[in-house]
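Student: One structure follows; several queries about it will come next.
Values in this text are rule-based calculations from the coordinates and carry no lab data. Please read all numbers here as calculations on a predicted model, not as lab measurements. Glycine also receives a Cβ, built like all others from the backbone with ideal geometry; neighbour counts cover every protein chain displayed.
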Amino acid sequence: RENRRLQEASMRLEQENDDLAHELVTSKIALRNDLDQAEDKADVLNKELLNTKQRLVETEEEKRRQEEETAQLKEVFRRELEKAEQEIKKTTAIIAEYKQLSTRLEKQQASTKEELDIVKAKVMACENCREVFCKEGPLQIPVMTQDNRDTDLDEEKDSLKAQLRELELELAQTKLQLVEAKCKIQELEHQRGVLMTEVQAAKNSWFSKTLGSLKNSAGNQSPSSPKEGQ
C-alpha cells in the first residue's frame with residue numbers, strides 16, 4: 001500500500017511538472033510575442049520621432065527664412081512708403097504754392113483790369129484819343145492823315161496809347177499765367193491722388209502678404225497626429 005501511494009504521488013508530481021513546463025513554454029512564447037510587438041512599436045515610434053525632428057528642423061528653417069524675407073520686405077516697404085509720403089508732402093506743398101500764386105494772379109488780374117478800365121475811361125473822355133480805342137475790341141491804331149498827324153504827336157495821346165498797350169499785354173500775360181497755374185494745380189492734385197492710391201495699395205498688399213505668411217507659418221508648425229501602434 002505504501003508503494004502504491006508513493007507511485008501515485010510520483011505520477012502526480014510528474015504531471016504537475018509537465019503542466020508547469022507547458023505553462024512555462026506558453027509564457028515564454030507569449031512574452032516573446034509581446035516583446036516583438038513592443039520592439040515593432042518602438043521602431044515605429046523611433047521613425048515617427050525622427051520624422052518629427054526632421055519636420056521640426058525644416059519648420060524652424062522655413063520660419064527663419066520667412067522671418068528674414070519678412071524683415072527685408074518690411075524694410076523695402078518702409079523705404080518705399082517713406083519715399084511716397086515725402087513725395088506726397090512735397091506735392092502738397094507745391095500745390096499750396098501754386099494755389100497762392102493763383103490767388104495772387106487773380107488779384108493781379110483784377111487790379112490790372114481795373115487800371116485798364118481807368119485808362120480806357122480816360123481815353124474815351126479825350127476827344128483826340130478815343131479814336132485809338134474801340135469798346136468792342138483791343139487797342140486800335142488809326143490810319144494817319146495829314147489832318148490828324150499833328151494831333152498824334154501829342155504827348156498825352158502817345159502816353160495813353162503806350163499805357164494801354166502795356167496794360168493789355170500785362171493782363172494777357174496774367175491770364176496766361178493764371179491758366180497755367182490752375183492747370184498745374186490740377187496736374188499735381190492728380191499726381192498726389194495717384195500716389196495716395198499707390199501707397200494704400202502697397203499697404204493692403206503688405207498686410208495680405210504678412211497675413212498669408214503668418215498663416216503658412218502656423219500651418220507648417222501644427223503638429224501631426226501620431227500613428228497608432230500595431
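Student: How do Ser102, Ser111 rank when sorted from fewest to most other Cβ atoms within 10 Å of their own Cβ?
Tutor: Ranking Ser102, Ser111 by Cβ neighbours within 10 Å, fewest first, gives Ser111, Ser102.
Student: For segment 100-109, take each phi angle, set θ = phi - 60°, evaluate the Karplus expression 6.51 cos²θ - 1.76 cosθ + 1.60, and give the result in whole Hz per residue in order, putting x for glycine and proline.
Tutor: Coupling constants for segment 100-109: 5, 4, 4, 5, 5, 5, 5, 5, 5, 4 Hz.
Student: Give me the extension gain from Gln15 to Arg65: residue separation times 0.36 nm, minus the current Cα-Cα distance, reported in nm with one decimal.
Tutor: Details: separation 50, 0.36 × 50 = 18.00 nm, distance 7.38 nm.
That pair, Gln15 and Arg65, stretches by 10.6 nm at full extension.
Student: Still on this structure: If you count, for each residue, the other Cβ atoms within 10 Å and average over each peptide, how do 113-122, 9-18 line up from highest to lowest? Walk me through the numbers on the way to the answer.
Tutor: Numbers: 113-122: 14.4, 9-18: 10.0.
In decreasing order of mean packing, 113-122, 9-18 become 113-122, 9-18.
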